[in-house]
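Visitor: Once you've had a glance at the structure underneath, I'll fire off some questions.
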Amino acid sequence: MLCSSEINLFWSLFALQRAFKLELIDLHHSQRLIGIPDLLDAPLLEIINLECCKSLLDVPSSIQYLDNLHVLNLHGCESLRNFPMNIHFKSLKTLRLSECINLTKFPQISGDRIEQLYFSGSAIEEVPSSIQYIKSLRVVILSECENLRTFESNIHFESHVNLNLSYCINLTKFPQISGNVVDLNLSGTAIEEIPSSIDCLTELHSLYLEDCTRLKSISSSICKLKSLSKLDLGGCKNYRVSQKSLRKWNI
């Protein structure tokens with residue numbers, strides 16, 4: 001763990017060297033780090049790891065101009081309240097904002113190569129419809145986001161996506177999504193029904209509803225999902241499902 005003087009020295013040396021060849025910055029668990037400077041003098045940066053920098057307050061919007069940045073890890077940055085909005089990443093593949101317990105807004109980001117977004121345990125309150133325009137998206141993790149109450153943006157995913165909303169304990173409605181979701185995890189949520197609109201998820205392979213104790217009904221439209229091979233209802237004691245569905249899924 002770096003002390004504040006060591007961090008300041010690092011940034012001073014960084015500025016002096018104009019680190020054109022720098023590809024990695026790893027300052028994880030630097031407890032006193034409150035900010036990072038403009039990093040445009042390091043155009044070859046591929047990875048920035050600031051995991052568990054619990055005093056980090058913000059991230060400069062100029063970070064979007066790092067054209068070779070593939071991974072930005074801000075997991076566990078507990079003081080981070082805002083992430084730059086309306087920014088476009090040229091090469092970013094993975095963004096980790098999990099366990100950012102004071103981050104309430106889902107960042108308005110775009111990029112042609114973004115594949116993985118991690119927000120588990122954050123204070124995210126809603127998911128913007130703009131997420132559907134990230135064409136390369138593969139993984140969206142929003143598990144244990146206790147402030148997330150609705151997912152009602154009529155989001156259509158064109159890419160094949162694994163969407164994890166497990167243990168978002170205040171999520172009461174099935175998300176209004178369509179398109180190529182292949183894996184949907186709603187375990188431990190407060191949803192009460194699986195609506196007929198589920199038949200829009202024609203590519204769905206796995207649906208996890210474990211410990212959805214408020215789940216009362218499952219639409220027979222689930223039988224239209226020809227790709228569905230796994231349905232987990234463990235711990236769901238109050239649901240009703242049609243006889244047709246019972247026969248198909250052997251529930």
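Visitor: In the range 189-210, is there at least one residue being of a type in the set (S, T, N, Q), in contact with a strand residue (DSSP E or B) (Cβ under 7 Å, 6 or more places away or on another chain) and under 23 Å from R96 (Cα atoms)? Break it down into steps so the answer makes sense when it comes.
Guide: In the first step, residues of the range 189-210 are kept if they are of a type in the set (S, T, N, Q); the result is 189, 196-197, 202, 206.
Those left that are additionally in contact with a strand residue (DSSP E or B) (Cβ under 7 Å, 6 or more places away or on another chain): 206.
Those still in the list that are under 23 Å from R96 (Cα atoms) too: none.
No, the conditions are met nowhere in the range 189-210.
Visitor: Here is a follow-up. Name the residues in the range 209-230 that are under 26 Å from the mean Cα position of the chain (by Cα), surrounded by fewer than 18 Cβ atoms within 10 Å (Cβ to Cβ) and not in a loop (DSSP other than H, G, I, E, B), would you?
Guide: Of everything in the range 209-230, just one residue is under 26 Å from the mean Cα position of the chain (by Cα), surrounded by fewer than 18 Cβ atoms within 10 Å (Cβ to Cβ) and not in a loop (DSSP other than H, G, I, E, B), namely K230.
Visitor: I need every pair where a residue in the range 140-153 that is closer than 20 Å to E115 by Cα has its Cβ under 6 Å from the Cβ of a residue that is assigned to a loop (DSSP other than H, G, I, E, B) and of a type in the set (F, W, Y), sequence separation at least 6 or different chains.
Guide: L142/F119; S143/Y167
Visitor: If you don't mind, there's one more thing I want to ask. Restricting the first residue to the range 221-239 and requiring it to be within 15 Å of V182 (Cα to Cα), which pairs with a second residue that is of a type in the set (K, R) and at pLDDT below 95 meet a Cβ separation below 9 Å and a spacing of at least six or different chains?
Guide: As it stands, the answer is I222/K248, since those pairs meet every condition given.
Visitor: Could you tell me which of the residues I131, I114 is closer than 26 Å to P175 by Cβ, touching a strand residue (DSSP E or B) at 6+ places or on another chain (Cβ under 9 Å), at pLDDT below 95 and hydrophobic (A, V, I, L, M, F, W, C)?
Guide: Working: I114 fails: at pLDDT below 95.
Just one listed residue meets the conditions, I131.
Visitor: Go through (1) at pLDDT 95 or above; (2) surrounded by fewer than 20 Cβ atoms within 10 Å (Cβ to Cβ) for L246 and report which single condition fails.
Guide: Of the numbered conditions (1) at pLDDT 95 or above; (2) surrounded by fewer than 20 Cβ atoms within 10 Å (Cβ to Cβ), the odd one out for L246 is (1).
Visitor: Name every residue in the range 170-197 that is of a type in the set (A, V, I, L, M, F, W, C) and either exposed (fewer than 15 other Cβ atoms within 10 Å of the Cβ) or part of a loop (DSSP other than H, G, I, E, B) (or both), in order of residue number.
Guide: So in the range 170-197, the residues of a type in the set (A, V, I, L, M, F, W, C) come out as 171, 174, 177, 181-182, 184, 186, 190-191, 194.
Matches in the range 170-197: L171, F174, L186, A190, I191.
Visitor: Looking at the range 121-139 only, could you name the residues that are out of contact with any Gly (no Cβ under 9 Å at 6 or more places or on another chain) and closer than 16 Å to L72 by Cβ?
Guide: S122, L137, V139
Visitor: Only residues that are surrounded by 15 or more Cβ atoms within 10 Å (Cβ to Cβ) and either at pLDDT below 90 or part of a helix (DSSP H, G or I) (or both): list them for the range 6-40, please.
Guide: Within the range 6-40, I7, F10, F14, A19, L22, I36, L39 meet the criteria.
The values are calculated or read from the model by the stated rules, or taken from the named source; none is laboratory data. Being a predicted model, the structure only gives us computed values, none of them experimental. Cβ sites come from the backbone with ideal geometry, for glycine too, and all protein chains shown count toward neighbours.
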